[in-house]
Amino acid sequence: MKKILITGCSSGFGFQAAKYLAEKGHHVYATMRNTNSSNKEAAENLKKYAAEKNLKIEVIDLDVTSDESVKAAMTKIPTVDVLINNAGRGFGGPLEAFSSAECLAQLDLNIVGNIRMAKAVLPGMRANKSGLIIQLSSIAGRLAVPGFGIYHASKWAVEGLSESLRYELGPLGIDVAIVQPGPFETSFFPNIIPGHDDEVANAYPHVNGFSEGFGSNVHSAFADENAPTDPMIVVKTFEKLIDTPAGKRPLRNVAGLDFGVLAINEAMEPFRINVLESFQITDWDGVKA
């Protein structure tokens, strides 16, 4: 049984992972913001589910964009074995339609939020000389399409941040692994945040047309029962990483429709290893078995 902290548990992968991993016998700290307002129903559903099935799920209010909120939440959470940095949203539309504040909000949520959470759990993990941080990236962290520039920027940053963090923490006994989901039938697409400037956005009909076509293709995939779009694919990827012995966890893990990202990962891996060899830090690439 492991103590697992999951961010962004109000819906999607986080909500399902909290239930599933608790069912597997783990003690889950399911965190989300606004547990007494906009996410009250989700929080109560998790509490009820845990009570009915006698599971260890503790629902805790935590906003990854607030230093104060993270600090307050961590007073209720002991040292954990696993952190799943799942919280995040996507901003979509032509780059010019977004204000600087909107760009910073995307980066604060998807990048700095990850950093806040890592800093919150790492003192305990370092003391124990063990731990696992699972970083939720995306196939959008390895490729790019029009209309998602700010979101791509955040997820490409998650990739670099996580890879560097893996090398920093490996010698300390702590693993870092990246999960790269493709499109899944969660609340992600309905909750994409557009830029504030509609007039500017309308100057990009080709981008808007691409986004509409992409959305239609994605929803067609959701309707195909043979397509790998069940969110449990991602949840079970989390489980596989948790259950894999330290020292044997791969850095990047694609889940679902990959749009060629698996091939990109495989093609880039020799170059990544060459960089480590050139700096003589291959032993830092994750925990050694």
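The values are calculated or read from the model by the stated rules, or taken from the named source; none is laboratory data. Computed from a predicted structure; not experimentally measured. Here the Cβ is made from the backbone with ideal geometry for all residues, glycine too, and neighbour counts use every protein chain on show. Note: accessible area is taken over every heavy atom of the protein model, side chains too, but ligands, DNA and RNA are not part of it. Shrake-Rupley method; radii C 1.70, N 1.55, O 1.52, S 1.80 Å.
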Seminar exercise, completed: Restricted to the range 187-222 and to residues being in contact with a Gly (Cβ under 9 Å, 6 or more places away or on another chain), closer than 19 Å to Gly88 by Cα and of a type outside the set (Val, Ile, Thr), the residue least open to solvent (accessible area, probe 1.4 Å) is Gly195
Problem set entry | Candidates Val235, Val254, Val287, filtered to the one that is in contact with a helix residue (DSSP H, G or I) (Cβ under 8 Å, 6 or more places away or on another chain), open to solvent by less than 40 Å² (accessible area, probe 1.4 Å) and under 30 Å from Glu185 (Cβ atoms) | Val235
For this session: State which residue pairs qualify: first residue closer than 12 Å to Ala18 by Cα and inside the range 34-51, second residue surrounded by 13 or more Cβ atoms within 10 Å (Cβ to Cβ) and hydroxyl-bearing (Ser, Thr, Tyr) in any location, beta carbons under 7 Å apart, and separation of 6 or more residues or different chains.
Result: Ala42/Ser10; Ala42/Ser11; Ala43/Thr35
Problem set entry | Top-ranked residue of the range 133-164 - restricted to ones that are over 15 Å from the mean Cα position of the chain (by Cα) and open to solvent by 20 Å² or more (accessible area, probe 1.4 Å), ranked as nearest to Ile193 (Cα to Cα) | Phe148
For this session: Could you list, in sequence order, all residues of the range 1-25 that are touching a residue at least 60 places away in the same chain (Cβ under 8 Å) and not in a helix (DSSP H, G or I)?
Result: Lys2, Lys3, Ile4, Leu5, Ile6, Thr7, Gly8, Cys9, Ser11, Lys24
Seminar exercise, completed: The residue from Ile281, Ile264, Ile242 that alone is at pLDDT 95 or above, β-branched (Val, Ile, Thr) and loosely packed, with under 14 Cβ neighbours inside 10 Å is Ile281
Problem set entry | Matching residues in the range 30-45 - criterion: being open to solvent by 10 Å² or more (accessible area, probe 1.4 Å) and either in a helix (DSSP H, G or I) or touching a strand residue (DSSP E or B) at 6+ places or on another chain (Cβ under 8 Å) (or both) | Arg33, Asn34, Thr35, Asn36, Asn39, Lys40, Glu41, Ala42, Glu44, Asn45
For this session: List every residue pair whose Cβ atoms lie under 8 Å apart, where the two residues are 6 or more positions apart in sequence or sit on different chains, the first residue falls within the range 74-90 and is within 23 Å of Pro181 (Cα to Cα) and open to solvent by 40 Å² or more (accessible area, probe 1.4 Å), and the second residue, located anywhere, is in a loop (DSSP other than H, G, I, E, B) and hydrophobic (A, V, I, L, M, F, W, C).
Result: Arg89/Phe188; Arg89/Ile192
For this session: Looking only at the range 175-228, count how many residues are of a type outside the set (S, T, N, Q), within 25 Å of Phe15 (Cα to Cα) and over 16 Å from the mean Cα position of the chain (by Cα).
Result: 13
Exercise. Given the conditions (1) at pLDDT below 95; (2) under 17 Å from Met117 (Cβ atoms), which single one is not true for Arg33?
Worked result: (1)
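Results for (1) at pLDDT 95 or above; (2) over 26 Å from Phe184 (Cα atoms); (3) among the acidic types (Asp, Glu); (4) open to solvent by 30 Å² or more (accessible area, probe 1.4 Å), shown as yes or no for each residue.
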residue	(1), (2), (3), (4)
Gln16	yes, no, no, yes
Lys24	yes, no, no, yes
Val28	yes, no, no, no
Tyr49	yes, no, no, yes
Glu52	yes, yes, yes, yes
Ile57	yes, no, no, no
Glu96	yes, yes, yes, yes
